[in-house]
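Take a look at the structure below.
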Amino acid sequence: MKEFDPIGNIEDSQLVLDHGEWPNFHDAEVHYLNIWRGDVRPDDNVWIGPVIEVTFELCALEKPYIVVLKFHDCESIRMEEFNHQNAVFDLTFKFEARGTYTNGEPLPPYVSVRFEQAFGVALSFKCFRVQAIERREIKNVD
């Protein structure tokens, strides 16, 4: 299976790049975390899985800024020891195989996401799509 490339595999990644590169999430502060349960109504043929939206302050950059990422159709969501000490040690992505269709063709892979803290994983989940929503510069208040 190919490696996950944030620039190529995250929708609208160009919105959040740091000088053309995927930004460093080391020591990023989580300002906002929302988990929406989705909207699944089989009788109406509506199949929207859970969505996680996160706002990060990228603190380890020369010029820190705010990034908003949205993760679509999430499952296997695990949150452990996530609290006011919410600095992310690292944010990692990798593709994970899901099996095959009945004809033997591979199913689209999961994107496995981990918000790692210095003392362990704070949030992990699988999703099908990652989207960069916004980049905001931090205004200095003097």
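The values are calculated or read from the model by the stated rules, or taken from the named source; none is laboratory data. Nothing here was measured: the structure is a model prediction, and the numbers come from that model. Heads up, the Cβs are rebuilt from the backbone with ideal geometry, glycines too, and the neighbour counts pull from every protein chain shown.
Quick check: is even one residue across the range 103-116 surrounded by fewer than 15 Cβ atoms within 10 Å (Cβ to Cβ), at pLDDT 90 or above and at positive phi?
Yes: the range 103-116 contains one or more residues that are surrounded by fewer than 15 Cβ atoms within 10 Å (Cβ to Cβ), at pLDDT 90 or above and at positive phi.
Considering each of Gly8, Gly49 in turn, give the residue that is without any contact (Cβ under 8 Å) to a residue 24 or more places away in the chain and of a type in the set (Gly, Ala, Ser).
Gly8
Is it the case that Val67 is among the β-branched types (Val, Ile, Thr) and under 11 Å from Arg135 (Cβ atoms)? Show your work before the answer.
Numbers: among the β-branched types (Val, Ile, Thr): yes; under 11 Å from Arg135 (Cβ atoms): yes.
Against the criterion (among the β-branched types (Val, Ile, Thr) and under 11 Å from Arg135 (Cβ atoms)), Val67 qualifies.
Going by what's in this entry, would Asp27 be described as in contact (Cβ under 8 Å) with a residue 40 or more places away in the chain and on the phi > 0 side of the Ramachandran plot? Even if it seems obvious, please write down each step before you answer.
On the way: in contact (Cβ under 8 Å) with a residue 40 or more places away in the chain: yes; on the phi > 0 side of the Ramachandran plot: yes.
In short, yes.
Which ones in the range 1-19 are modelled with pLDDT under 95, more than 30 Å from Pro106 (Cα to Cα) and not in a strand (DSSP E or B)?
Hit for the range 1-19 is His19, nothing else.
When you scan the range 77-102, how many residues do you find that are of a type in the set (S, T, N, Q), modelled with pLDDT of 90 or more and surrounded by 11 or more Cβ atoms within 10 Å (Cβ to Cβ)?
Number satisfying all stated conditions: 1.
Looking only at the range 40-59, which residues are within 18 Å of Glu116 (Cα to Cα) and either at pLDDT below 85 or in contact with a Cys (Cβ under 7 Å, 6 or more places away or on another chain) (or both)?
Once the filter is applied, which keeps residues that are within 18 Å of Glu116 (Cα to Cα) and either at pLDDT below 85 or in contact with a Cys (Cβ under 7 Å, 6 or more places away or on another chain) (or both), the range 40-59 yields only Ile52.
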